[in-house]
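Each value in this text was obtained by applying a stated rule to the coordinates, not by laboratory testing. As the structure is a prediction and not an experimental result, all values here were calculated from the model. Heads up, the Cβs are rebuilt from the backbone with ideal geometry, glycines too, and the neighbour counts pull from every protein chain shown.
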Ligand code: ADP
Ligand code: ASP
Ligand code: MG
C-alpha cells in the first residue's frame with residue numbers, strides 16, 4: 001500500500017469522457033489499497049479562455065483579479081473529477097488551494113509555494129477518501145488567491161507529494177513520457193526511460209513544457225520520485241531521477257524550443273561601471289525574469305546591450321528600459337518579439353568540446369542566422385528568427401541526437 005500523488009493535465013480532463021477515464025484510473029489505484037491524492041488542471045483551453053476574458057475587458061487588468069479568474073478553471077475540474085469518482089463508488093472530496101492550504105508568496109500570476117500543510121490531506125486519505133486538489137492555485141498570507149504561472153499544476157503536484165512524503169508523484173499527460181524533443185515538432189523524437197533532474201531542469205527552463213521548471217526543482221530538492229506518463233495508455237513513462245554514472249555517455253539528450261520570449265536592445269550605452277545595474281535593477285523590481293544577456297565592450301566607449309524576457313512581459317520591460325535609456329544617455333531602444341530560442345542539453349557536454357561548433361555548422365547549412373548565443377555547463381542556447389523554429393529543432397535533433405555526436409564523418 002502506497003501513498004500516491006497523481007496529476008492530470010488539461011487534455012487528460014479535456015471532456016467528460018476523459019474525466020470519467022481519469023476517475024477509472026484513480027479508482028484502480030485506490031482499489032488496490034493505495035492512498036491517493038489527485039491534482040487536476042483546468043480542462044484544455046479553459047485557462048486561455050479565462051485569461052482572454054480578462055484581457056479583452058481591460059488592457060491592463062489587475063493581476064489580483066486575473067488570478068481570481070484564471071484559477072476558476074481548476075475549480076471546475078476538481079468538482080467534476082470528484083463527482084466522477086463518487087459515481088464509481090469511491091469516496092472523494094475536492095479541495096481548492098486555500099482549503100489545503102497551499103501557501104504562496106503574494107506575486108500574482110507567478111506565485112511561489114512557501115508551505116503546504118500536509119495534515120488535512122493526510123487526514124482525508126487516511127480516512128479512506130481520495131483528495132482531489134485544484135492545481136495551479138494557492139493563497140498568500142493576506143488571504144488573496146494566487147496562481148503559480150502557466151503549467152503550474154505540475155508544481156502543485158510535486159510540492160504536495162513532497163509535503164505528504166508520497167511514495168511517487170505521477171504526472172499524467174497527453175504524451176507517453178519525456179522525449180528527446182517535442183514529439184509534436186519532430187516525429188523522430190525518442191522516448192527516454194530516465195532523465196536526470198539537471199537535464200530536465202534545463203529542458204523545462206528552455207521551453208519543454210512537459211514539466212513546469214519549479215516542479216523539477218521541488219522534486220530534486222525533496223527527492224520526490226517523479227514519473228511522467230500518458231493518461232491514455234499504460235506505457236511505463238519516463239522517470240526523472242538523480243544523475244547516474246552512465247548518463248554522461250550520452251552527449252546530447254534533448255533539444256528544446258522556446259517561442260515565448262522577446263528580445264530588447266539598448267543602443268550605444270555608455271560603457272561605464274554601474275550601468276548594467278541601472279538597466280536590470282528596475283526590471284528585476286518588477287519581477288520580470290531576464291534570460292539571456294549580451295553586452296559587447298566597444299572601442300569608442302559605447303556598447304549595445306541585448307537581453308531577452310518572457311513575451312508576456314515585453315511591453316512592460318520595454319517601457320522600463322526606454323525610461324532608463326533616456327536617463328543613461330543610450331541612443332535608442334529596439335525590440336523583436338519574433339524570435340525563438342533553441343537549446344541542446346546533455347550531461348555529456350561537460351566533458352566534450354565541439355558541440356557548439358557542430359550546432360553552428362548545422363544551422364549555417366540551412367541558412368539560419370544566429371542572433372544570440374549562451375552556454376552553461378550542460379546546455380547551449382541560440383536565438384533565431386521564430387519562423388525557423390521547427391526546421392532548427394529537426395536538423396539539430398537529427399545531427400546531435402539521432403546520429404550521435406562524433407559518429408558522423410566530417411563533411
Ligand atoms: P498537460 O496539459 O498535461 O500539463 P502540457 O501541454 O503542459 O500537458 O505538456 C505536454 C506537452 O509537452 C506535450 O503535448 C508536448 O507537445 C510538449 N513537449 C515539449 N517538449 C517535450 C518533450 N521533450 N517530451 C515530451 N513532451 C514535450
Ligand atoms: N491550467 C493552468 C495552465 O493552463 C495550469 C496547468 O495546466 O498546469 O497553465
Ligand atoms: Mg502542463
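Below are the figures for this structure:
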quantity: Helix-only mean residue ellipticity at 222 nm for the chain, each DSSP H run of n ≥ 4 adding -39500 (n - 2.57), per residue, nearest 500; calculated: -10000 deg cm²/dmol
quantity: Percent of alpha-carbon pairs separated by more than 16 Å within the stretch 247-301; calculated: 62 percent
quantity: Fewest-first ranking of 114, 341, using other Cβ atoms within 10 Å as the exposure measure; calculated: 114, 341
quantity: Percent RCO, i.e. relative contact order, over the chain, from Cα pairs under 8 Å lying at least 6 residues apart; calculated: 13 percent
quantity: Cα-based Rg and Dmax for the chain, where Dmax is the largest Cα-Cα distance (Å); calculated: 22.7, 76
quantity: D_trans [Stokes-Einstein, Kirkwood Rh over alpha-carbon pairs] for the stretch 263-411, 20 °C, 1.002 mPa s, µm² s⁻¹; calculated: 126 µm²/s
quantity: Cα-based Rg and Dmax for the stretch 39-113, where Dmax is the largest Cα-Cα distance (Å); calculated: 14.3, 47
quantity: Percent antiparallel among DSSP beta bridges (both partners in the stretch 124-257, rounded to 5); calculated: 45 percent
quantity: Antiparallel %, DSSP beta bridges [both residues in the stretch 1-115], to 5; calculated: 25 percent
quantity: Packing-based exposure ordering (other Cβ within 10 Å, fewest first) of 141, 112; calculated: 141, 112
quantity: Residue 387 versus residue 165: modelled label distance in nm, points set 7 Å from Cα along the beta carbon direction; calculated: 5.8 nm
quantity: Nearest 10 degrees, 0 to 90: helix 72-87 Cα axis against the chain principal axis; calculated: 30 degrees
quantity: Ranking of 58, 77, 322 by count of other Cβ atoms within 10 Å, fewest first; calculated: 58, 322, 77
